[in-house]
Amino acid sequence: MTVREVYLENLIWDLNDRINPDLSSMEASMNQLGLLSPLTVEGPNDEGFYYLIDGYRRYLVLRKKGIPNQTIPVNIVSIPTSRLERQTKRFHMHNTAKKIIGAEEQFEIDDIQLKGLLTDQEMIDLLKPKKHRVKRMEKSLSIDPQKREEVAKVRGSQHALEVLYSLDITDTLRSELYRMILNRGMTGEHGDALKKIGRHQLFASLYEPQKNRAIDQTMNQARFTNKEAELILLSEIMKDNPGAEPLYINQWLTYLIRMMEELSNSIHDDVSMYVTEIQKKQLASLLGKIISQLNWVWERPYESDMEKAAPLDYVPSFYTETTETGFRIRKH
């Protein structure tokens, strides 16, 4: 290897561009410290030009400065080779140094394999990519490269994209979730959660509206949010001493109403055809307990002493009536 000074305009870049070069930090560093290390090149060719292999961001910053007849140090690693060989060298340098994001790494692999007409095994023998990258290659190659690049440009989750295209869902829902990836509303955490849903044997049994609701619920529950943390803490306070946090009581009741509504919506009438006697008694006991705890909802007590004494054998019947503020539940 030889280090020498060459003119900046004598450098040629013909490899894949970086998707997110992010020159701001590099420019600030070079303004303060200058060019700390030579760029890596091959050359010269018959016309006296050098092919840049490593140092693309530094090269862009130097070009941006626009200094006439600027000379820079370069590290010449070999005489000119083919573009495929240069791409392979660059991949090895970045793969070792961990300087590129996963999407860029995959694009490099795809390009080298395509241009070199390599089989999967030949590509693995040549590039020796990391094990986790090998496992994800097949999934990545089944996705439109343009979509993968669009996601990479916004630093979205390639893992979420791979999961999205593995799901048996409608194109409409897939497009909606894809937009969420581009907007960073769907991350790798959501991808992990959806992967578990999509792999379950019951997922294939759902019809489309059911799949949509299941995915919507999964997306909502995939990440542990500050609000969920607050609700866990509130539940402990409200169990023992609601008056300790009076400002949160209204929020807590709103949460309980929503949870009870979701629970009621999940119970189909046909469930009664399959319930066991033990389960009936358990449900009756729990329902009686809840009604007892919410006795203050009605203007008059609903329970008699007999009902209190035998919660497992008696479940009051109710009807609902619509009011201006919602639904009122009354005993009859």
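Checked against a 20 Å cut-off, the cross-linked pairs LYS147/LYS196; LYS89/LYS130; LYS64/LYS147; LYS89/LYS128 give Cα-Cα distances beyond that limit for LYS147/LYS196; LYS64/LYS147. Couplings for the stretch 234-242, taken from phi via the Karplus curve 6.51 cos²θ - 1.76 cosθ + 1.60 with θ = phi - 60°, read 4, 4, 5, 5, 5, 5, 9, 7, x Hz in order; Gly and Pro are left as x. For the stretch 2-81, the square roots of the Cα gyration tensor eigenvalues, ordered a ≥ b ≥ c, give a/c of at least 1.5 with a/b greater than b/c, which places it in the prolate category. Label sites at SER166 and SER235, each approximated as a point 7 angstrom past Cα along Cα to Cβ, lie 3.0 nm apart.
Assign one of three labels to the chain, namely rounded, prolate or oblate, based on the Cα gyration tensor with a ≥ b ≥ c the square roots of its eigenvalues; rounded applies when a/c is under 1.5, prolate when it is not and a/b is larger than b/c, and oblate otherwise. Here the chain falls in the prolate category. When the chain is treated as a GNM with alpha-carbon contacts under 10 Å, the residue of ASN16, ASN69, ASN212 showing the greatest mean-square fluctuation is ASN69. Roughly what angle does helix 83-97 make with the longest principal axis of the chain, taking Cα atoms, 0 to 90 degrees, to the nearest 10? So the inclination is approximately 60 degrees.
Of THR276, THR40, the sequence from fewest to most neighbouring Cβ atoms within 10 angstrom is THR276, THR40.
Between LYS130 and SER285, the contour length at 0.36 nm per residue exceeds the Cα-Cα span by 50.1 nm.
Modelled spin-label separation between TYR7 and THR254, with each label point placed 7 Å from Cα along the Cα-to-Cβ direction: 6.9 nm.
Spread over its residues, the convex hull of the C-alpha atoms of the stretch 224-266 is 75 Å³ per residue.
Readers should treat all values here as calculations from the given coordinates under stated rules, not as data from a laboratory. Just so it is clear, the model here is predicted, and its values are computed rather than measured. Quick reminder, even Gly has a Cβ in these numbers, built from the backbone with ideal geometry, and neighbours come from all protein chains shown.
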